[in-house]
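Read through the structure below, which is laid out as structure tokens, and then see the notes.
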Amino acid sequence: MNGNNDSGTIKSIIPRVAAVHDMSGFGRVSLTECIPVMSAMGIEVCPLPTAVLSTHTYNFKGYSVCDMTDNMPKTIEHWKALGIKFDAVYSGYLCSPRQIEILKSLIEWAKADGALIVVDPVMGDSELLGTAALYTEHMAEICSGMRSLAAYADVITPNLTETCLLLGEKIPEPGHYTDNKTVRGYLKRLSELGSNTVVITGVMGSENDMFAALYDSTTCKYYKIDCGYVNRRFHGTGDIFTSVFTGALLHGSTPLEAACLSAEFVSDAIQSTMEHPEMAVREGVLFEPVLAEFFSKEHPKKRYIEI
Ligand code: PXL
């Protein structure tokens, strides 16, 4: 046996995820976070790049963008021909409206074989960008497609700005506080778009209270998960949150356990960033020093409450 399977399937040895994100060369987002984080969790990551950029788009001028839309169907066809089995499809930043339909075709194929579908509807962040909110102008064209993608997903993980974009609500001002009743309403309405599990990241309840909110429709319970407030803005935390969340679900965690682990990882990465005040926000969070130990240590702290 040489490992090549003549029956036309390539089974996963460890959990395998098709990761549909951009590759930004500098700035720690998307694939440059998803690959190392999920690899450290013992997950095989197969990237399907949506774009290749010199840097991400936040606070950089003159970045190069190579739109990978035309390459995506070819990659998917090759994967199908090889019979590669995916345990999950995890999508993030998309570069053109056409990528929505291409992604749906990948999801339909992988889901027929039982893959978990995680959609992070990456579009913007008013905490960083003010009420203009969108990462780039083309996100306005992608928004309705992101909403339709939710019906294909088991899990969606928008931040608060993306939540409002998906629900047609007013974009929150930076520093805006959201009460529990409003959070529950958002979670419920998002779940009605079609996914069983909904996480909203980057919510502020009050001063010093930064949390992720979770709705698990199998238990009909709502939770707040403490993300460890720090008085500074960060970029790229949503991508590491959802990478850990997806990895933990693939290892059998419940959504609540997965959300607590993700919040702790983001919080530790933020602490490590704070040790380097010379780091600009656009450089992302310094998660690399946290990676080596994080997934082998215990995580005893209780970080959630039911709301
Ligand atoms: O993490 C969000 C993200 C992903 N990909 C690209 C981005 C951003 C946010 O700025 O610009 C290219």
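The values are calculated or read from the model by the stated rules, or taken from the named source; none is laboratory data. It should be emphasised that the depicted structure is a prediction, and the values quoted were computed from it without experimental measurement. Here Cβ is always computed from backbone atoms with ideal geometry, including for glycine, and neighbour counts include all displayed protein chains. Side chains are part of the model used for accessible areas, which takes the heavy atoms of the whole protein and leaves out ligands, DNA and RNA. Shrake-Rupley method; radii C 1.70, N 1.55, O 1.52, S 1.80 Å.
If you scan the stretch 244-270, which residues turn out to be over 16 Å from Lys224 (Cα atoms) and either in contact with a Ser or Thr (Cβ under 8 Å, 6 or more places away or on another chain) or among the acidic types (Asp, Glu) (or both)? Of everything in the stretch 244-270, those that are over 16 Å from Lys224 (Cα atoms) and either in contact with a Ser or Thr (Cβ under 8 Å, 6 or more places away or on another chain) or among the acidic types (Asp, Glu) (or both) turn out to be Val244, Ala248, Asp268, Ala269, Ile270.
Yes/no per residue for (1) within 30 Å of Trp109 (Cα to Cα); (2) over 16 Å from the mean Cα position of the chain (by Cα):
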| site | (1), (2) |
| --- | --- |
| Ile156 | yes, no |
| Pro172 | no, yes |
| Gly175 | no, yes |
| Thr219 | yes, yes |
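Just to be sure I understand, how many residues within the stretch 270-307 are of a type in the set (Gly, Ala, Ser) and open to solvent by 60 Å² or more (accessible area, probe 1.4 Å)?
We begin by selecting, within the stretch 270-307, every residue of a type in the set (Gly, Ala, Ser); these are 272, 280, 284, 292, 296.
So of that shortlist, the ones also open to solvent by 60 Å² or more (accessible area, probe 1.4 Å) come out as 292, 296.
Residues that pass the stated criteria total 2.
For Thr32, the conditions (1) of a type in the set (Val, Ile, Thr); (2) more than 16 Å from the ligand (Cβ to nearest atom); (3) under 15 Å from the mean Cα position of the chain (by Cα) are fulfilled apart from (2).
Just one of Gly25, Gly42 is at pLDDT 95 or above, loosely packed, with under 14 Cβ neighbours inside 10 Å and closer than 21 Å to His235 by Cβ; which is it? It is Gly25.
For the stretch 67-81, indicate whether the set of residues that are aromatic (Phe, Trp, Tyr) and farther than 25 Å from Gly25 by Cβ is non-empty.
Residues of the stretch 67-81 aromatic (Phe, Trp, Tyr): 79.
If we keep only those that are farther than 25 Å from Gly25 by Cβ as well, we get none.
No: zero hits.
Whenever a residue of the stretch 117-144 is of a type in the set (Val, Ile, Thr), its partners that are part of a helix (DSSP H, G or I) and within 9 Å of the ligand (Cβ to nearest atom), lying with C-beta atoms within less than 8 angstrom and at least six residues away or across chains, give the pairs Val122/Gly238; Val122/Asp239. Just to verify a result, which residue in the stretch 81-94, among those that are touching a Leu at 6+ places or on another chain (Cβ under 9 Å) and not aliphatic (A, V, I, L, M), is surrounded by the fewest Cβ atoms within 10 Å (Cβ to Cβ)? Top of the filtered list is Asp87. Within the stretch 179-198, residues that are closer than 17 Å to Glu306 by Cα reach partners that are surrounded by fewer than 14 Cβ atoms within 10 Å (Cβ to Cβ) with beta carbons closer than 9 Å, at six or more positions or on different chains, in the pairs Asp179/Ser206; Thr197/Thr218.
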